Structure formats: structure tokens, C-alpha cells
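Just so it is clear, none of the values below were taken in a lab; they were calculated from the coordinates. If you're wondering where the values come from, they're calculated on a predicted model, not measured in any experiment. Positions of Cβ are generated from backbone atoms using ideal geometry, with glycine treated the same way; all protein chains shown enter the neighbour counts.
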Amino acid sequence: MSSESLSEVHSSVETEKKGWRKFLAFLGPAYLVSVGYMDPGNWATDIAGGSQFGYQLIWVLLMSNLIALLLQSLSARLGIVKGLDLAQASKNAYPKWANIPLYILAEIAIAACDLAEIVGMAIGLNLLFGLPLVWGICLTALDTILLLFLLRRGMRTMERFIIGLVFIIGISFVVEMIITGPVYGDVVKGLVPSALSGDALYIAIGIIGATVMPHNLYLHSSLVQTRKIDRSFKGIKKAIKYNFIDTVIALNLAFFVNTAILVLAAAAFFVNGYYNVAEIQDASELLEHLFGSVAPTFFGIALVAAGQSSTITGTLAGQIVMEGHLNLRIQPWLRRLITRLLAIIPALFTILYFGEDALGSLLILSQVVLSLQLGFAVIPLIHFNSDKKMMKEFTIKLWVRILAWMSAAVIVYLNITLVINEIEGWIKASSGENTVLIYAVVIPIALACFALLVYVFIHPMLKSVPRERHQLPHGHAENFTEGTRIVYEHIGITIDFSGNDQRVIQNALSQGGKSCRYTFIHIVESAAARYLGTNSGDYETQLDVAGLQQYERRLAVLGYTTDHKIGFGDAALEIAKIVETEGIDFMVMGAHGHKGVKDLIFGTTLDAVRHRINVPILIVN
């Protein structure tokens, strides 16, 4: 098992180029990260802020962007210098009892983030095509197939796709700005910090909580590892520099989009006296009422693009967290399907049980869940970058450390405030059994999370804790000796009559020679074979038996000892049974030759077999 983060695309992008081509080779990871800063969750807070307070909160967006720039650059630095993503580094640094809840919290946060994306995309499809929200949410499950296809095409293809979507979002809001015609002098004044209180403070907290999201920190530390770099001091330093430039460009683009959303809301709603626009659907309807059908069309296009791009990066983050924290690597399409289902199920339940109007409340809840997780990602990230034994000459400087901890303090304080406010609101709005549930379940969970957050902060500073642990995502190298030559006595050969049999048989014979016994294995997978098993006598079974006997006769003439075994139904299960009952000590199998979507349709016998048997397997392409 490979231990690299996102192993299917790890070090897959060459950077050994000259001039501006070398700089362009590093561009990409931050753009995938930046889409998380312009997702539908941001839209809700930006629209609410612009409609209620005009241009007053633009400076909050700027502050959030600067904090995000600092934290994302630290995330990229960790991935470049140590070759670890944030989840892997956390697994190495914290004990198992703390690592498990850290993983669970990260998984919940990613599902909550994905929830906001699919709801936003479903709303966008509804605005553009009138597609019911239920069907729009179900349609987002197809993102799994799209993401699988993009990864098969390589990291560069995925980055181009995402950058294309970001470009669509940017162009859409340029058009919206032209249509609404904001007062740009007031926009500039909004960059000046002002006092916050009441609802303005609440929305400001929401903007920060929706802007700096934990899954982006896991994601960025992994994506930078897709670049194949020179591991010398000079090479690492140059990679950090280029990735910082990439981050600055990408996050400033995200800042432009978020500012455009807030400015759009201020120019369209605040100026016209609509002060309480919080729902995305309401914003679209008002745009149509005020500016005609063109404005909501571009609004919907941008929303779909934002939802689609964010869901792709969210599911990638899910894979990173599972592999990093648990060292559990499953099929990528299954990992992404799990992430998507964790988000689709609550969204469908909300619509079917509470109605479409409750989606706005669900979006708010998803942001609260994200807020709970943020500190668990930010605090370890700063610890790792401050550790001289871990980062050596690439340890961040004191002034950067101070800024990072100040940013973390602001984020954690504001997000804790947001959570407290939400819980107080639930208590006031609830009665009877619901109140008991809040005190018996919600508040204890929140307190447990806070206690874990304190431990995450204190643990790396304890002197009794080793600063450099040798825990690895895999085992250590063994003391290898030549030993005695392994002689195989019974070799199994899988036969599928696909035209590759001769190469498979030749490779098997070269392993065992004439002193070895050979068993030809073929599994009949016809409908009759699946239902009737050994009682099947269909035409396909008869032909297969005759083919195996033909191979036996040919090898007998050449002086080899052979027999054959035939199975029925599930290929992997039947092969495993034959290997065990016949005492086979070595297997030679031919690769099926298909990949991608065909693997989903026809199955992957090789992977299934190797997990069922305990003998060596030689795979012949």
C-alpha cells in the first residue's frame, strides 16, 4: 500500500522546466483550494451582510482573506517540506485516543461542507432549469463519476476544469456588477474597519466561519505534493515561494468573488430597502424583480459552478482525511460516494420531512458544524510549522508565528461565540423534550469538543512528549537477507480465453519448471452458472471445459504435470476456494485490460482475489 497523500496523483506533475514555464508548473493547487472560499455557504453570509449593512462589512472579508492566505501558506509549507498532509501529521503527533475523535470531527466537517455545496448546486439548477430541489440533490451524486474521470485524466486536467469553473463564476459576477451598478466610492469606504455589534457582529462571525474552512487546510497540504520537486534546500525553498504566489493569486480571486457577492447584495437590496435577504432563492427572485431575467440567470450559472467545483474539492478532502488519520485506503470512487451520501441523506431528509423552506436553516447548521472543527485543524497546523525539529530550517519565523496564533485566537473565539449563540437560540426556540435534548446531548458534546481543543493546543508543548515521533503511515524496512531460493510446488493459472492465455501460461512455466504441478483455473460467470453452480451444464460451460482440456493435453506433450478446476459464479470467491482446497502456493493471473468506468461495470477480480488469498500472485498484463 502506498503511503503518499492522494497516491494516484502524487508527484505526477513535473516541475523541471525553465523560466515562466517552471512557475506555471506550480500553479494549480491553490485554485482547487480557492473554490472552498466561494462556495454556497459563503454566498448566504455575503448576501445577508450586503443586504443588511450595505458595504460596511467588506473589511471583514478582507481580514478573512488575509487570515486564509496565512493559514493556507502554512498548509502548503507543511506538505512541501515534510511530504505529509495535515491529517497524516496529526496522526503522527497525537495519541490514538485523540486521533480517533479528530478524524470523526474532520469527517463530520467535510460532510457538512459538502452538504452546503450540494444544496447550493441544487438551488442553482432550480433557478436555471426549474428542476425540483429533490431531483437536483440526487443529481449531485453523479459528481462521483465526474471526479473519477478527472483523476484518471491526471491532476492537470482536474485543475484546468476547476479553473474553468472559477472563471465562469468570476465572469458571471462581473456581469452582475455591471447590471446592478454599485457606487464604487462606497465600496472603497467599506474597506475601512468599523465597530461591530449586534447583528453586524453575528454576520461578521458567520463570514469568517464560512471563509476559513478546515477541509481546505487538509486539502492544500496534500495537493502541493502532486508537484515533483527537487528535495534539496534550494528546491524546497523555490517550491514554497512558487506555491505562495499561487496561493496569493487564487485567494485574491476568491476575495474578489466574495466581495462581488456582498457588493451585489448591497447595490441590489440594501440600496432599494430590502434589508433582510438571507435566502439564496429570495436573492434570485429580487434580482429578477429589480433588474430583469438576465441577472438571476448569471446568478444561477455562478451558483452551479461554485457548487460543482466545491463538491469536487470537498470529496478529495474526505479521501485525504480518511487515509491520513486512519491509514485506510479504499477505492477512490467509493470514498467519494461515501462523502456524497453523508451529505445527500440529511439534505433529502430535510426536504421530505420539513419542506424546501428548511434548507436555509440546514445551511446555517452546516456552517456551525464547520465552526466546531476549525480549531482542530488550525492549532496543529501552527504547531507543526513552529516545530524546529520537524521543519528544521523551514520553521516559520517568530513574527509569522505571532500572526498565526493571533489569527487562530480570533477564529476560535469568534467561532466559539457563534456556537454559543446558536445553542442559546435553540434553547429559546425550543420547549419541553427539545430543551432536555439540548442540555443532555448538544451541550455535553460541545464541552467535550472544547476539552479536546484545549488538549490539542497543550499536547505539543508538553516536555514529556517527544517532539519527533517515528510513527509512519506504513511499516519500517526489514533487515533483508538473500535466504534460500523459494521453490513452488503447485502453481495455479487463471484462464479466461481472452487471447492473453499464452503469455500467462508461459510466465507460469518459467516460475515452476517441469518439476512443478500446474492447475488451470476458470470461472464460468453465465446466468446459469450463477444460479445452478456445479449443476450447470450450459453451452458456455461445455466449451470452457473443452478449452481447459486442450491446454492440459498440450502441456502433457511438453512434459508438464497439469490438471484443471472450474468454478461457477463469483470469480474472486471461487478462485480463493480453489486455491485453498488444492493447496496452491503460487498464482499467475492475467490482467483484465479494462479500467475506469468499466471497472465499476465488470468488476476488479484481481483486487478482490489478492485480499482473499495468502499466496504470492504474479499479474501478467
Extending each Cα 7 Å along its Cβ direction at residue 231 and residue 489, get the distance between those two points in nm, one decimal.
4.3
List 221, 515, 73 from most exposed to least, where exposure is judged by having the fewest other Cβ atoms within 10 Å.
515, 73, 221
Checked region 46-145 against the a/c 1.5 cut and the a/b vs b/c comparison, axes a ≥ b ≥ c from its Cα gyration tensor; verdict oblate
Rounded to the nearest 0.05, what FRET efficiency is calculated for residue 500 and residue 327 with R0 set to 25 Å and r the Cβ-Cβ distance?
0.15
With r defined as the distance between the Cβ atoms of residue 618 and residue 160 and R0 fixed at 41 Å, what FRET efficiency is calculated, to the nearest 0.05?
0.60
I'd like the distance separating the alpha-carbon centroids of region 571-586 and region 100-143, in whole Å.
43
Ranking 82, 388 by Cβ neighbours within 10 Å, fewest first, what do you get?
388, 82
Going by how many other Cβ atoms sit within 10 Å of their own, how do 482, 582, 489 line up, fewest first?
482, 489, 582
